[in-house]
Amino acid sequence: MATQVNDPRVVEFDVRTDEMLVNMGPQHPSTHGVLRLVLRTDGEIVSEVVPHIGYLHRCAEKIGENLTPRQWIPYTDRMDYLAGMNMNLGWALTVEKLLNHTVTEKARHLRVIIGEMGRIASHLVGMGAYGLDLGTFSPFLYAFREREKILDLFEEACGARLTYSYITVGGLTADVPAGWLEKCEAFLEQLEPIIQEYHTLLTTNAIFIKRTAGIGVLSPEMAIDYGCTGPVLRGSGVDQDLRRDGEEIYTEMYDGYAFEVIVEKEGHYPKDHDYPPVPEEAVLGDCWHRFYVRMLEVVQAIDLVRQAMDRYRSSAGDIGEPVKLTQKLPAGEAYLETESPRGQMGFYIVSDGSSIPWRARARSSCFCNLSVIHEICRGCLIADVPAVVGSLDIVMGEIDR
Amino acid sequence: MSGQDFVERLKKRFGEGIQGVNLEAIDPWIEVAPDSLVEVSRYLRDEADLRFNMLNCISAVDYFEPDPKKAAKVKWEPHLEVVYHLWSLPNKSSLVLKVMLPRWKDGQEGELPEVPSVASVWSGADWHEREVYDLSGVQFTGHPFLWRILCPEDWEGHPLRKDYEMPLEYHGIRGK
């Protein structure tokens, strides 16, 4: 809820001040990359926020018009560089939709394992960095300690730690090495109890609740109107998750998996695990809820990886071969959105029949999530702006492409 | 509702506003006349059984072949398409709208083609339209603040046009 002048937290409501323009960024540590916000402030109260983006624009879409789809995979890594695997998956599925290509069952389950591990890694960074935004350093270190182990696993599978290019059109570049699944299982076993620690450190921490509960409230209507997706949309109580509601080519990956969409329904979140209670101060759609949804999604992802590993083990055959590097594309166009950790990542491919797309377009989830910031920051305190920006969990590489 | 019924319904309501359909495409699309775009969008958003309340993406595709040899072989006339990907939250279904535009307004090179802005229907369109204007060069009439968003404000040209040429120099930085 926007802070009102008669709010007891505002101590200077009777002090007459001049309006001032404050530049936050592009190098401000809490803007998650190179985001510049111009704040129009009246004392401590922000009356207007104007975001300036584009500092990391690398013309990814123009490059996509000059490369074959498989050659463009490494560029998708560099969009959301905290969830490279999920970006690869989004583009690979879009091209497969155009090619009408189905991957083998084993590859499908391996993609779920990799995609959900990517989600855990991404949400861990989101959580740690959010702690940093609010002035606490330790959660960041705890989060990176665990994320490092996921990166080790990814490195073992594909050789890279950040820009994987592992999931590719037609499958994956290689199968996971022998013994990988056991290591992955051991990691999950060890991660699960640590989530409780994170909850103690942040989710249920009194200071954390004071900083986030009731701050930057985003109503469901506004979230829908601005095209917000992912945890931002679900944090406002809108029941939508493309893993359940998306197009068939994507949902069939999760066919038969048991999972509940993390969203507050009828006044409560899913009860399949022992989650910490929602504090009284929290309002649906505020920073705390967005953070909470992410934390719960980590637990959900652990469940999904476990289920996927069982299925991967029991499915026959191999992971198949990726399509040729210069595979001819049928003339036509396809658009597909997938549920990446930050929201719905959409790719659009238009082909004229050659092996190079006529047009490659990336619809960024953070781009839409950020576009709502001037609405939810209006009337908040300057100190709350980092809290709101952090709760949107943006990655500038994806916004600017 | 089948695709054909849906199109008939729209045609009955908007007549000439619906200019064409392609139901065989992977993502079936409906072509809308630029003048009826806002009206059609509002109808699609507000109608009780449709409720396309989310705008996922606006993209522009430039159909132009700069190479004269290849240009002789292509099957289409040079034009620009603005593609709207819509999503209905209550029905969990998607819809694609297309608007066909000339590459330049009145055939005069440098004059951007115009299409009405849908930012009054979906607020999310605001940034998407700024991006399309910036990269593909489409003038969205009625947009609250049509300004470059990804490129610097003094950038010249629209990079996703097929005949775009990289500048040789920008503020002392060498290009190409």
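The values are calculated or read from the model by the stated rules, or taken from the named source; none is laboratory data. In this text the structure is predicted, and so the values were computed from the model without any measurement. Cβ atoms come from the backbone with ideal geometry, glycine included; neighbour counts cover every protein chain shown.
Brief remarks on what is shown
- Some residue of the stretch A:307-318 being under 13 Å from the mean Cα position of the chain (by Cα) and hydroxyl-bearing (S, T, Y): no
- Where A:I215 falls short, out of the listed (1) of a type in the set (V, I, T); (2) touching a residue at least 24 places away in the same chain (Cβ under 8 Å); (3) part of a helix (DSSP H, G or I): (3)
- Boolean, B:R51 is basic (K, R), under 29 Å from A:S364 (Cα atoms), within 13 Å of chain A (Cβ to nearest Cβ) and in contact (Cβ under 8 Å) with a residue 60 or more places away in the chain: no
- Flag: A:M295 does not match the condition of being closer than 26 Å to A:I150 by Cα and in contact with a Cys (Cβ under 8 Å, 6 or more places away or on another chain).
- Filtering the stretch A:1-59 to residues that are surrounded by fewer than 18 Cβ atoms within 10 Å (Cβ to Cβ), modelled with pLDDT of 85 or more and part of a loop (DSSP other than H, G, I, E, B) leaves A:Y55, A:R58, A:C59.
- Enumeration of residues in the stretch A:283-298 that are part of a helix (DSSP H, G or I) and of a type in the set (D, E): A:E297
- Every condition in (1) surrounded by fewer than 14 Cβ atoms within 10 Å (Cβ to Cβ); (2) more than 11 Å from chain A (Cβ to nearest Cβ); (3) among the aromatic types (F, W, Y) is met by B:W104 except one, and the failing one is (1).
- Residues satisfying the stated conditions in the stretch A:218-239, i.e. under 21 Å from B:S93 (Cβ atoms), touching a Phe, Trp or Tyr at 6+ places or on another chain (Cβ under 9 Å) and either touching a residue at least 40 places away in the same chain (Cβ under 8 Å) or not in a helix (DSSP H, G or I) (or both): A:Y226, A:G227
- Residue ID - nearest to the other protein chains (Cβ to nearest Cβ), chosen from residues in the stretch B:115-169 that are in a helix (DSSP H, G or I) and of a type in the set (A, V, I, L, M, F, W, C): B:W127
- Every residue from the stretch A:47-72 that is farther than 30 Å from A:Q327 by Cα and more than 8 Å from chain B (Cβ to nearest Cβ): A:S47, A:E48, A:V49, A:V50, A:P51, A:H52, A:Y55, A:L56
- Summed over the stretch A:223-241, residues that are of a type in the set (A, V, I, L, M) and more than 8 Å from every other protein chain (Cβ to nearest Cβ) total 3.
- Restricting attention to the stretch A:308-317, the residues that are loosely packed, with under 12 Cβ neighbours inside 10 Å and touching a residue at least 24 places away in the same chain (Cβ under 8 Å) total 3.
- Hey, A:G320 farther than 30 Å from A:P220 by Cβ, within 14 Å of another protein chain (Cβ to nearest Cβ) and either part of a strand (DSSP E or B) or at pLDDT below 90 (or both) or not: no
- Sole residue being in a strand (DSSP E or B), modelled with pLDDT of 90 or more and closer than 22 Å to A:G246 by Cβ, chosen from A:A360, A:A301, A:A308: A:A360
- Whichever residue in the stretch A:323-364 is aromatic (F, W, Y) and facing chain B (nearest Cβ under 9 Å) and, among such residues, is nearest to A:M253 (Cα to Cα): A:Y335
- Candidate set from the stretch B:66-85 (those that are in contact (Cβ under 8 Å) with a residue 24 or more places away in the chain and more than 10 Å from chain A (Cβ to nearest Cβ)); member that is surrounded by the fewest Cβ atoms within 10 Å (Cβ to Cβ): B:P66
- Test: residue in the stretch A:228-235 that is in contact with a His (Cβ under 7 Å, 6 or more places away or on another chain) and under 30 Å from B:N56 (Cβ atoms): yes
- Members of the stretch B:132-176 found to be among the hydrophobic types (A, V, I, L, M, F, W, C), in contact with a Gly (Cβ under 9 Å, 6 or more places away or on another chain) and in contact (Cβ under 8 Å) with a residue 24 or more places away in the chain, listed by number: B:L160
- Residue check for A:E375: of a type in the set (D, E), closer than 20 Å to A:D42 by Cα and touching a helix residue (DSSP H, G or I) at 6+ places or on another chain (Cβ under 7 Å): yes
- A:F367 at the interface with chain B (Cβ under 9 Å from one of its Cβ atoms), buried (at least 24 other Cβ atoms within 10 Å of the Cβ) and not aliphatic (A, V, I, L, M): yes
- Residues of the stretch B:16-47 classified as of a type in the set (V, I, T) and surrounded by fewer than 18 Cβ atoms within 10 Å (Cβ to Cβ), total: 1
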